[in-house]
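**Q** Here it is, the structure in full.
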Amino acid sequence: MRRILLVAAIVALLPDASIHSPHLTWDREVHSALWKGLRVTRPSPLLYSLSAATTITLSVSSLNDVVYTLGDPAPPSQFLQVQSLEGEQFAFTAGSNTTWLGVTPTSGIAPTVLTVSFAPTSLSPGKYNGQVFVSASGALNSPQYVNVSLTVKPRLLTTPFTISPGSLGFSFEVGGNPPSSQMLSISTGSVATPFTVTVAQGTGTWLSISTSIATTPATIFLSVDPDGLGVGAYHSSLTIASMDGSNSSSVPVTLTITGPPTVSVSPVALSFQYQIGGGVPANQALSVAGSTPGSQFSAVAASEGSWLFVSPVAGSTAVGLSTQSKTISTRGKLPRIYGGVAVVSRMDSIALPFRSQKSFALCSASSRTD
């Protein structure tokens, strides 16, 4: 009745409206006092804007359980019917609050049907919520919302990661050169898989990787920087994870730092018995050890009258050496004790005192009694 009175007032102000406007006609057979003779012969924008009693109704209040698996086509579109509770036509606008939700058309005349589409291909696995809205100027309940929930699932890989080697170990000797970089090969068979590489939290800065994002097959280079670290073992790990979150593997990494290198000989004292004019004393063995197994060493002997020498003069700590003696000339010599020393040193680019060790030798020369 309110709308009829408004339209009637306009007709009263425009007496020729029935003549000049194709939207309004007057039925003269109905008594004019009842104001029932006014009728609309086709939709009028004037009526849309004047209708203050419009109540928006939507066919659904939510679109739940929309599921998308990475790599699959986007989920099928869904439909939303828009109309008024009074059954009247009205102008509307529509849209969404997120980029993965599409609504068409974005404006028009209701009643109509909206198409709700989904674009989740750029999303990561997880749960997402959005809204579709419909609004109309002058409507009693504008805007109206439809809640939308979307679940993005990862695609399970048919081929797991193949990683070689399965673990990495670095060794560093204080005072030496930093360890060389090492390689990690990652593949997934014939399937090219994007993946990320992350270093375990709490590692610090001693472990670094050449890249954090790659696609299989790929080679990752690992480097260590022991600067500032003390003697001991340091542990970390790399996590190799597919971009879609469906597969991951862990690779342990260890850095072992040892103290300054040393070399040692055993025994530290040798004693030879020699009878002037007799045979040369038997050889005696010296065991050589180093803080690093297999370290290279050199050896030299020094003795009064050059009666002592060592063999070999160079070698590996895994081999050892022997000391030997020469016949001591008795010409002008008296029976007595002669001294000597065997010096064993590490063979490397840094000469430090703690990298050598001495073994002292004594030779007791006595006269023949026959």
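The values are calculated or read from the model by the stated rules, or taken from the named source; none is laboratory data. Keep in mind that this is a model prediction, so the values were computed, not measured. Don't worry about glycine lacking a Cβ; one is built from the backbone with ideal geometry, like all the others, and counts go over all protein chains shown.
**Q** Exactly one of these conditions fails for residue 104: (1) surrounded by fewer than 18 Cβ atoms within 10 Å (Cβ to Cβ); (2) outside the structural domain of residue 65 (by TED's automatic domain parsing); (3) farther than 30 Å from residue 214 by Cα. Give me its number.
**A** If we test residue 104 against (1) surrounded by fewer than 18 Cβ atoms within 10 Å (Cβ to Cβ); (2) outside the structural domain of residue 65 (by TED's automatic domain parsing); (3) farther than 30 Å from residue 214 by Cα, just (2) comes out false.
The rows are residues; the columns are (1) surrounded by 18 or more Cβ atoms within 10 Å (Cβ to Cβ); (2) in contact with a Leu (Cβ under 6 Å, 6 or more places away or on another chain); (3) in the same structural domain as residue 67 (by TED's automatic domain parsing).
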position	(1), (2), (3)
118	yes, no, yes
121	no, no, yes
126	no, no, yes
134	yes, no, yes
140	no, no, yes
145	no, no, yes
174	no, no, no
178	no, no, no
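**Q** Please find, within segment 158-180, the residue that is nearest to residue 126 (Cα to Cα) out of those that are in contact with a strand residue (DSSP E or B) (Cβ under 6 Å, 6 or more places away or on another chain) and at pLDDT below 90.
**A** Keep residues of segment 158-180 that are in contact with a strand residue (DSSP E or B) (Cβ under 6 Å, 6 or more places away or on another chain), which gives 159, 161-164, 167-173, 179.
If we keep only those that are at pLDDT below 90 too, we end up with 159, 173.
Numbers: 159: 23, 173: 47 Å.
Here the residue is 159.
**Q** Checking residue 183 against (1) surrounded by 13 or more Cβ atoms within 10 Å (Cβ to Cβ); (2) closer than 19 Å to residue 252 by Cβ: exactly one of these is not met. Which one?
**A** (1)
**Q** Another question, if that's okay. What number of residues within segment 147-166 satisfy the criterion of being of a type in the set (Val, Ile, Thr) and in contact with a Leu (Cβ under 9 Å, 6 or more places away or on another chain)? Give the steps one after another, and end with the answer.
**A** First pass over segment 147-166, keeping only residues of a type in the set (Val, Ile, Thr): 148, 151-152, 158-159, 162-163.
If we keep only those that are in contact with a Leu (Cβ under 9 Å, 6 or more places away or on another chain) too, we end up with 148, 152, 163.
Matching residues across segment 147-166 total 3.
**Q** Specify the residue that is modelled with the highest pLDDT; the eligible residues are those in segment 274-286 that are part of a strand (DSSP E or B) and surrounded by 13 or more Cβ atoms within 10 Å (Cβ to Cβ).
**A** First, the residues of segment 274-286 that are part of a strand (DSSP E or B): 274-275, 284-286.
From what's left, surrounded by 13 or more Cβ atoms within 10 Å (Cβ to Cβ): 274-275, 284, 286.
On the way: 274: 73, 275: 75, 284: 79, 286: 76.
Restricting to residues being part of a strand (DSSP E or B) and surrounded by 13 or more Cβ atoms within 10 Å (Cβ to Cβ), the top hit is 284.
**Q** So which of 237, 248 ends up being closer than 16 Å to residue 182 by Cβ and of a type in the set (S, T, N, Q)? Lay out the reasoning, then the answer.
**A** Working: 248 fails: closer than 16 Å to residue 182 by Cβ.
Checking each option against the conditions leaves just 237.
**Q** In segment 116-151, what count of residues is obtained for those that are in a strand (DSSP E or B) and over 21 Å from the mean Cα position of the chain (by Cα)?
**A** Applying the first criterion (in a strand (DSSP E or B)) to segment 116-151 yields 116-118, 126-135, 144-151.
Now narrow it down to the ones that are over 21 Å from the mean Cα position of the chain (by Cα): 116-118, 127-135, 144-151.
The qualifying residues number 20.
**Q** When segment 186-195 is examined, which residues are found to be loosely packed, with under 15 Cβ neighbours inside 10 Å and either assigned to a loop (DSSP other than H, G, I, E, B) or under 17 Å from the mean Cα position of the chain (by Cα) (or both)?
**A** Kept after step one, since they are loosely packed, with under 15 Cβ neighbours inside 10 Å, are these residues of segment 186-195: 189-192, 194.
If the condition is that a residue be loosely packed, with under 15 Cβ neighbours inside 10 Å and either assigned to a loop (DSSP other than H, G, I, E, B) or under 17 Å from the mean Cα position of the chain (by Cα) (or both), then 189, 191, 192, 194 are the ones that fit.
**Q** From the list 115, 98, which one is farther than 13 Å from residue 145 by Cβ and touching a residue at least 24 places away in the same chain (Cβ under 8 Å)? Outline the logic, then answer.
**A** Working: 98 fails: farther than 13 Å from residue 145 by Cβ.
Being farther than 13 Å from residue 145 by Cβ and touching a residue at least 24 places away in the same chain (Cβ under 8 Å) holds for just one of 115, 98, which is 115.
**Q** A further question on this structure: So, in segment 204-222, of the ones that are farther than 14 Å from residue 240 by Cα and surrounded by fewer than 17 Cβ atoms within 10 Å (Cβ to Cβ), which residue ends up modelled with the lowest pLDDT? Spell out how you get there, then give the answer.
**A** So the first thing to find is which residues in segment 204-222 are farther than 14 Å from residue 240 by Cα, and the list is 204-208.
Okay, now just the ones that are also surrounded by fewer than 17 Cβ atoms within 10 Å (Cβ to Cβ), so 204-205, 208.
On the way: 204: 83, 205: 89, 208: 95.
Here the answer is 204.
**Q** Give me the residue from segment 251-273 that is surrounded by 14 or more Cβ atoms within 10 Å (Cβ to Cβ) and modelled with pLDDT of 90 or more and, out of that set, farthest from the chain's Cα centre (by Cα). It would help to see each step written out before you state the result.
**A** Filtering segment 251-273 down to residues surrounded by 14 or more Cβ atoms within 10 Å (Cβ to Cβ) leaves 251, 253-258, 260-265, 270, 272.
Among the residues that remain, those that are also modelled with pLDDT of 90 or more are: 251, 253-257.
Details: 251: 12, 253: 15, 254: 18, 255: 20, 256: 24, 257: 26 Å.
Among residues in segment 251-273 that are surrounded by 14 or more Cβ atoms within 10 Å (Cβ to Cβ) and modelled with pLDDT of 90 or more, the one farthest from the chain's Cα centre (by Cα) is 257.
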